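All remarks here apply to the structure that follows.
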Ligand SMILES: NC(=O)c1ccc[n+]([C@@H]2O[C@H](COP(=O)([O-])OP(=O)(O)OC[C@H]3O[C@@H](n4cnc5c(N)ncnc54)[C@H](O)[C@@H]3O)[C@@H](O)[C@H]2O)c1
């Protein structure tokens with residue numbers, strides 16, 4: 001197993017990519033803390049893991065809150081004694097250009113997608129250092145690499161996550177805390193379903209990827225698994241596209 005005896009926190013694990021990653025990490029031997037605002041969805045993931053014989057717990061967390069981020073890390077240490085992996089995955093989509101974008105929506109997107117990564121990392125890294133090191137995986141996007149129209153706040157936050165990843169990687173390299181991010185193409189999750197309404201819209205989006213389809217949440221989870229495991233022991237500061245060729249052109 002690729003994560004035997006590891007303890008991992010996954011934010012946004014009640015749904016989509018986070019949920020798929022929680023199930024995969026447990027299958028690979030990790031104990032997982034499901035950290036999300038969504039109590040019903042989070043508990044459902046934990047129940048599924050526990051009924052399959054794995055170990056997981058739900059910690060209700062708003063990633064925009066410093067108090068919650070601290071409590072998320074403390075609950076993990078109290079329950080499992082250490083922290084090896086943090087997947088800062090929670091995020092929201094936002095589709096408006098600058099002129100039409102209300103300031104409060106900008107703030108909300110920055111708070112969840114970017115500040116959430118800062119806060120989670122801020123409280124996780126000291127625990128990882130105490131334990132001899134760890135791995136942080138941040139959720140960026142293809143839009144952390146390239147821009148796109150009508151998504152001003154989203155592309156800004158994901159570009160920020162990619163460069164925050166590089167900065168943190170350099171700051172903690174000698175402490176053996178590796179920091180990398182994932183840059184998925186469009187992935188079939190509830191987040192995407194909330195934005196796309198018709199089969200034609202799905203198809204048009206699939207066509208933008210050279211491989212002519214969308215990603216599955218599991219395909220993104222396997223990227224997180226590589227970056228969480230010791231197989232990537234010399235990988236830090238990387239922004240890994242999992243995008244069917246979207247950013248290659
Ligand atoms: N789906 C895609 O096409 C796609 C592509 C690239 C990147 N991403 C990124 O992947 C991540 C996960 O997306 P997904 O598609 O699985 O979405 P999703 O909507 O299925 O899941 C997101 C989860 O984050 C949680 N969440 C939202 N705000 C939160 C907060 N303040 N505190 C704690 N939890 C919160 C939600 O409750 C939900 O469970 C996001 O960061 C998203 O930007 C998604």
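Among 181, 109, which comes first, second and so on when ranked by fewest other beta-carbon atoms within 10 Å? Walk me through the intermediate numbers first.
Details: 181 28, 109 24.
So the ranking, lowest neighbour count to highest, is 109, 181.
Based on a Kirkwood Rh over C-alpha pairs, give the Stokes-Einstein translational diffusion coefficient of the chain at 37 °C and viscosity 0.692 mPa s in µm²/s. Each step should come with its number before you reach the end.
Numbers: Rh = 17.9 Å.
Stokes-Einstein gives a translational diffusion coefficient of 183 µm²/s.
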_Nearest-ten-degree value, helix 152-172 long axis tilted from longest Cα axis of the chain_ = 30
*Label point distance in nm, residue 39-residue 55, each placed 7 Å from Cα along Cα→Cβ*: 2.6
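First measure r as the distance between the Cβ atoms of residue 122 and residue 233, then evaluate 1/(1 + (r/R0)^6) with R0 = 22 Å and state the FRET efficiency to the nearest 0.05. Could you put the intermediate results ahead of the total?
Details: r = 24 Å, r/R0 = 1.08.
The formula returns an efficiency of 0.40 here.
Treat the count of other C-beta atoms within 10 Å as a stand-in for reagent exposure and order 68, 107, 243 from fewest to most. Write out the running numbers ahead of the final one.
Values: 68 20, 107 13, 243 25.
The order, fewest Cβ neighbours first, is 107, 68, 243.
If each DSSP helix of 4+ residues adds -39,500 (n - 2.57) and the sum is divided by the residues in the chain, what number results at 222 nm, nearest 500 deg cm²/dmol?
Numbers: 9 runs with 111 residues, N = 249.
Value at 222 nm, helices only: -14000 deg cm²/dmol.
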_Rounded if a/c under 1.5, otherwise prolate or oblate - segment 1-58, Cα gyration tensor axes_ = prolate
*Got a sec? Which residues in segment 145-188 would a label at residue 93 touch, if it sits 7 Å along Cα→Cβ and we count backbone N under 18 Å?*
145-159, 183-188
_Helix 16-27 against the longest principal axis of the chain: what's the angle in degrees, Cα atoms only, rounded to the nearest 10?_
30
*Hey, for a label at residue 67 modelled as a point 7 Å past Cα toward Cβ, could you say which residues of segment 102-134 have their backbone N under 20 Å away?*
108, 111-112, 115-124
*asked:* Shape verdict for segment 38-113, please, from the Cα gyration tensor: rounded (a/c under 1.5), prolate (a/b greater than b/c) or oblate.
replied: prolate
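Sort segment 26-76 into rounded, prolate or oblate with this rule: let a ≥ b ≥ c be the square roots of the eigenvalues of the Cα gyration tensor; rounded if a/c is under 1.5, and if a/c is not under 1.5, prolate when a/b is larger than b/c, oblate otherwise.
Because a/c hits 1.5 or more and a/b fails to exceed b/c, segment 26-76 counts as oblate.
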*Taking Cα atoms, how many degrees apart are the long axis of helix 217-228 and the longest axis of the chain, rounded to 10 and kept between 0 and 90?*
40
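Rule-based calculations on the coordinates, nothing more; no lab input. From a predicted model like this one, the values you see are computed outputs, not experimental measurements. A quick note on method: Cβ atoms are made from the backbone with ideal geometry, for glycine too, and the neighbour counts reach across all protein chains shown.
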